[in-house]
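Enquirer: Before I ask anything, here is the structure I am working with.
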Amino acid sequence: MHEFSEMDRRSFIQGLAALGVLSVTPASLLAGCQPQKSEVGAERLPQVQSCDVVIIGAGGTGMAAALTAKAEGAAKVIILEKENTVGGNTNFSSSGMNASETRFQAEQGIEDSNQLFVEDTYIGGKERGDMALIEHLCDNSAEAIDWLDSIGIRLDNISQTAGTSVKRCHRPTDGSAVGKTLVPGLEKNVGQAGIDLLLGENVTRIIKEGDKVTGVQTASGNTYTAPAVIVATGGFGANFEMIKQYRPDLADFVTTNMPGTQGDGMRMAAAAGAELIDMDQIQTHPTVDQEHGSLIAEAIRGGGGILVNSEGRRFVDEMKTRDVVSAAELEQPGKYAYVLYDQQVWDKNKDAANYDKQGLSVKADSLEELASKLKLDAAALSATVAAYNEVSLSGASDEFGRTQGLAALTSAPYYACKVAPGIHHCMGGIRINIDNQALDADGQPIAGLFAAGETTGGIHGANRLGGNAVCDIMVNGRQAGRSAAKLAKG
Ligand SMILES: Cc1cc2nc3c(=O)[nH]c(=O)nc-3n(C[C@H](O)[C@H](O)[C@H](O)COP(=O)(O)OP(=O)(O)OC[C@H]3O[C@@H](n4cnc5c(N)ncnc54)[C@H](O)[C@@H]3O)c2cc1C
């Protein structure tokens, strides 16, 4: 009986997809594929495929880039993904996507401007970000929300994250984590657009001939040639060798990132001549469960949640940027805190049910019971919440200066998650311009090489605001796709 090799299975599934006879996306079916054999004389010889645009990484950036490149006229677009599943860290994006001057904000009476978004991003990034890149990000954010809507991904539930002046964090209608809607939605569109998405293809080298990038090579020995290559491989938040190299002080921290977040694209682009900038700018997130590295979304604080220490007291404006809140937490006894919220916050954040399921939260019918379960001083905890409620209800001034995301915590039951800082985001990476061309140390574009998303540096400066990464991957993923298609079409 004939047995299908991995190669046969791969071609078969892609063939069916091309004929439009699949009811599910080829990517889902290909999820079990292994990398193709590479040894000469073994089951298969290495393959050479020629295409118009090749994209390394099938996270949010890679899929947005592919869809845009295809829509802009690149005939053959291939995405190569080293894992056996799509989505990368984008799968886990929790709070949402920042965008300004959107129609959903207008419909909900939220006044915002691209200029205010620019200022928040620049100031939140400690005035280190590149202004041209920031303006490009913010000015194109509403277009990205509209584009997502046009392909069936509606983000019309608007919340607020720390360091932002107004509500601009766009989430799915039901308030669920953004990644869980974004990734399947993009994947479905990639399948429908006839884009080849190859799983288990670990890119190991960017090929350069003379001063031009001409393709990539994979661990399986395959070569993909193209006039335009887009690096969309995410950050290096799970590569502890690189963490030690750039930020030895973070070497013992947990990480929220998926294991594949290894900085591959940055190293390959650097080998092809790209400059890496701000590599020591690594963000810690203040609300990370230390056992599993699970994130408690910033939207919990944005919806009214507070932080208390082991004495049951608040210690910071919870809506300050992540670097400030992380540093304040590390000054508390035991270097940890609890995110405390009530049922009305829970109701607005669908992911809160997952915290309960995963055992990340402690639930109690009263603050006294919560204090008892957490072994906190009940009187101190009640006084803390009463003082915070007073600020939220009466508009009195808050002792820590909090003015954003205030909502009285009066709806039992109450919830608390034990948290401390964890490695979360790499602000540094491949240097780019607003066309997402990768730049060398002289600021000159490397012909044929583009980069977007967390693999790039320069936008978020010294601190990324919650919701700005998803904005980045959509706006810049699309821009990289546009620029690559333009080059491919000559
Ligand atoms: C838990 C968590 C919650 C977050 N929540 C939010 C949020 O609410 N809002 C927000 O704005 N940001 C959030 N972020 C940040 C945001 O999710 C990421 O910055 C963003 O998704 C990165 O997208 P990307 O496409 O650049 O990389 P990824 O989504 O990580 O995709 C990169 C892909 O490239 C693949 N790849 C890597 N190397 C290779 C290689 N050599 N060959 C082939 N493929 C390769 C990877 O396997 C991966 O699939 C969160 C991050 C985490 C970890």
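The values are calculated or read from the model by the stated rules, or taken from the named source; none is laboratory data. Small disclaimer: the values here were computed from a predicted structure and weren't measured. No Cβ is skipped: glycine too gets one built from the backbone with ideal geometry, and neighbour counts run over all protein chains shown.
Enquirer: Taking the range 110-160 on its own, how many of its residues are farther than 19 Å from residue 182 by Cα and not hydrophobic (A, V, I, L, M, F, W, C)? Reasoning before the result, please.
Expert: Within the range 110-160, the first condition is being farther than 19 Å from residue 182 by Cα, and the residues that meet it are 110-136, 138-139.
Then keep just the ones that are not hydrophobic (A, V, I, L, M, F, W, C); that gives 111-115, 119-122, 124-130, 135-136, 139.
Going through the range 110-160 one residue at a time, the tally reaches 19.
Enquirer: Sort out which residues of the range 393-418 are in contact with an Asp or Glu (Cβ under 9 Å, 6 or more places away or on another chain) and outside any loop (DSSP other than H, G, I, E, B), and write them in order of number. Break it down into steps so the answer makes sense when it comes.
Expert: Filtering the range 393-418 down to residues in contact with an Asp or Glu (Cβ under 9 Å, 6 or more places away or on another chain) leaves 396, 398, 400-415, 417-418.
The answer is 414, 415, 417, 418.
Enquirer: What about residue 407, is it under 22 Å from residue 230 (Cβ atoms) and either outside the structural domain of residue 358 (by TED's automatic domain parsing) or touching a Ser or Thr at 6+ places or on another chain (Cβ under 9 Å) (or both)? Give the derivation first.
Expert: Working: under 22 Å from residue 230 (Cβ atoms): no; either outside the structural domain of residue 358 (by TED's automatic domain parsing) or touching a Ser or Thr at 6+ places or on another chain (Cβ under 9 Å) (or both): yes.
Here the answer is no, as residue 407 does not meet what is asked.
Enquirer: Given the structure, is residue 219 within 15 Å of the ligand (Cβ to nearest atom), closer than 15 Å to residue 450 by Cα and in the same structural domain as residue 274 (by TED's automatic domain parsing)?
Expert: Details: within 15 Å of the ligand (Cβ to nearest atom): yes; closer than 15 Å to residue 450 by Cα: no; in the same structural domain as residue 274 (by TED's automatic domain parsing): yes.
Answer is no for this residue.
Enquirer: Name the residues in the range 386-411 that are buried (at least 16 other Cβ atoms within 10 Å of the Cβ) and either over 24 Å from residue 164 (Cα atoms) or of a type in the set (Gly, Ala, Ser) (or both), would you? Explain how you work it out, then say what you get.
Expert: Quick first cut of the range 386-411, residues buried (at least 16 other Cβ atoms within 10 Å of the Cβ) only: 388-389, 391-392, 398, 400, 402, 404-409.
Of everything in the range 386-411, those that are buried (at least 16 other Cβ atoms within 10 Å of the Cβ) and either over 24 Å from residue 164 (Cα atoms) or of a type in the set (Gly, Ala, Ser) (or both) turn out to be 392, 405, 407, 408.
Enquirer: Can you confirm whether residue 237 is within 12 Å of the ligand (Cβ to nearest atom), crowded, with 22+ Cβ neighbours inside 10 Å and small (Gly, Ala, Ser)? Let's see the steps before the verdict.
Expert: On the way: within 12 Å of the ligand (Cβ to nearest atom): yes; crowded, with 22+ Cβ neighbours inside 10 Å: yes; small (Gly, Ala, Ser): yes.
It is true that residue 237 is within 12 Å of the ligand (Cβ to nearest atom), crowded, with 22+ Cβ neighbours inside 10 Å and small (Gly, Ala, Ser).
Enquirer: Take the conditions outside any loop (DSSP other than H, G, I, E, B), modelled with pLDDT of 95 or more and surrounded by fewer than 16 Cβ atoms within 10 Å (Cβ to Cβ) and apply them to residue 31. Does it pass? Don't jump to the end; show me each part of the working.
Expert: On the way: outside any loop (DSSP other than H, G, I, E, B): yes; modelled with pLDDT of 95 or more: no; surrounded by fewer than 16 Cβ atoms within 10 Å (Cβ to Cβ): yes.
No; evaluated as a whole, the condition is false for this residue.
Enquirer: Here is a further query. Note down all Cβ pairs under 9 Å where the first residue falls in the range 425-447 and is touching a residue at least 40 places away in the same chain (Cβ under 8 Å), the second is among the hydroxyl-bearing types (Ser, Thr, Tyr) and surrounded by fewer than 21 Cβ atoms within 10 Å (Cβ to Cβ), and they're at least six residues apart or on different chains.
Expert: Taking only residues 6 or more apart or on different chains, the pairs are 426/246; 428/246.
Enquirer: Let me ask another. Looking at the range 166-178, which of the residues that are at pLDDT 95 or above and surrounded by fewer than 24 Cβ atoms within 10 Å (Cβ to Cβ) is farthest from residue 99 (Cα to Cα)? If you could, list the steps in order and put the result at the bottom.
Expert: Taking the range 166-178 and keeping what is at pLDDT 95 or above, we get 166-173, 178.
Subset that is surrounded by fewer than 24 Cβ atoms within 10 Å (Cβ to Cβ): 166-167, 172-173.
Details: 166: 11, 167: 9, 172: 14, 173: 15 Å.
Looking at residues that are at pLDDT 95 or above and surrounded by fewer than 24 Cβ atoms within 10 Å (Cβ to Cβ), I get 173.
Enquirer: Within the set of pairs 6 or more residues apart or between chains, which connect a residue that is more than 9 Å from residue 206 (Cβ to Cβ) inside the range 264-277 to a residue that is aromatic (Phe, Trp, Tyr) with Cβ atoms less than 8 Å apart?
Expert: From the range 264-277, the pairs are 266/236.
Enquirer: Next question, about the same structure. Suppose we filter the range 205-216 for residues that are in contact with a strand residue (DSSP E or B) (Cβ under 8 Å, 6 or more places away or on another chain) and either within 9 Å of the ligand (Cβ to nearest atom) or in a loop (DSSP other than H, G, I, E, B) (or both); how many remain? If you could, list the steps in order and put the result at the bottom.
Expert: Taking the range 205-216 first, the residues in contact with a strand residue (DSSP E or B) (Cβ under 8 Å, 6 or more places away or on another chain) are 205-208, 211-216.
Filter once more, keeping what is either within 9 Å of the ligand (Cβ to nearest atom) or in a loop (DSSP other than H, G, I, E, B) (or both): 211, 216.
Going through the range 205-216 one residue at a time, the tally reaches 2.
Enquirer: If you don't mind, another one. Tell me, which residue of the range 247-260 that is out of contact with any strand residue (DSSP E or B) (no Cβ under 8 Å at 6 or more places or on another chain) and within 15 Å of residue 233 (Cα to Cα) is nearest to the ligand (Cβ to nearest atom)?
Expert: Just the residues of the range 247-260 that are out of contact with any strand residue (DSSP E or B) (no Cβ under 8 Å at 6 or more places or on another chain), to begin with: 248-249, 251-252, 258-260.
From what's left, within 15 Å of residue 233 (Cα to Cα): 258-260.
Details: 258: 7, 259: 9, 260: 4 Å.
That would be 260.
Enquirer: Residues that are among the basic types (Lys, Arg) and surrounded by fewer than 17 Cβ atoms within 10 Å (Cβ to Cβ): list the helices (runs of 4 or more DSSP H) wholly contained in the range 96-162 that include at least 1 such residues.
Expert: Those helices (runs of 4 or more DSSP H) span 103-107.
Enquirer: Next question, about the same structure. Kindly list, by first and then second residue, each pair from a residue in the range 370-390 that is farther than 18 Å from residue 339 by Cβ and touching a residue at least 60 places away in the same chain (Cβ under 8 Å) to a residue that is of a type in the set (Val, Ile, Thr) and surrounded by 14 or more Cβ atoms within 10 Å (Cβ to Cβ), limited to pairs with Cβ atoms under 6 Å and residues at least 6 apart or on different chains.
Expert: The qualifying pairs do not exist here.
Enquirer: Within the range 82-97, can you find the residues that are within 13 Å of residue 198 (Cβ to Cβ) and either within 6 Å of the ligand (Cβ to nearest atom) or charged (D, E, K, R) (or both)? Spell out how you get there, then give the answer.
Expert: Here is the first cut: in the range 82-97, the residues within 13 Å of residue 198 (Cβ to Cβ) are 82-86.
Result: 82, 83.
Enquirer: Just checking, does the range 189-204 include any residue being under 17 Å from the mean Cα position of the chain (by Cα), more than 10 Å from the ligand (Cβ to nearest atom) and not hydrophobic (A, V, I, L, M, F, W, C)?
Expert: Within the range 189-204, the first condition is being under 17 Å from the mean Cα position of the chain (by Cα), and the residues that meet it are none.
The answer is no; no qualifying residue exists.
So that you can scan it fast, the table gives a plain yes or no per residue for (1) buried (at least 24 other Cβ atoms within 10 Å of the Cβ); (2) in contact with a helix residue (DSSP H, G or I) (Cβ under 8 Å, 6 or more places away or on another chain); (3) in a strand (DSSP E or B):
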site	(1), (2), (3)
443	no, no, no
449	yes, yes, yes
460	yes, yes, no
472	yes, yes, no
477	yes, yes, no
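Enquirer: Let me ask something else about it. Residue by residue through the range 55-81, note down the ones that are assigned to a loop (DSSP other than H, G, I, E, B) and more than 6 Å from the ligand (Cβ to nearest atom). Talk me through it step by step, then tell me what you get.
Expert: First, pick out the residues of the range 55-81 that are assigned to a loop (DSSP other than H, G, I, E, B): 57-58, 72-76.
72, 73, 74, 75, 76 - these are the residues of the range 55-81 that are assigned to a loop (DSSP other than H, G, I, E, B) and more than 6 Å from the ligand (Cβ to nearest atom).
Enquirer: Right, another one. Could you identify the single residue in 318, 329, 311 that is buried (at least 24 other Cβ atoms within 10 Å of the Cβ) and touching a residue at least 40 places away in the same chain (Cβ under 8 Å)? Reasoning before the result, please.
Expert: Working: 329 fails: buried (at least 24 other Cβ atoms within 10 Å of the Cβ); 311 fails: buried (at least 24 other Cβ atoms within 10 Å of the Cβ).
Only one candidate qualifies: 318.
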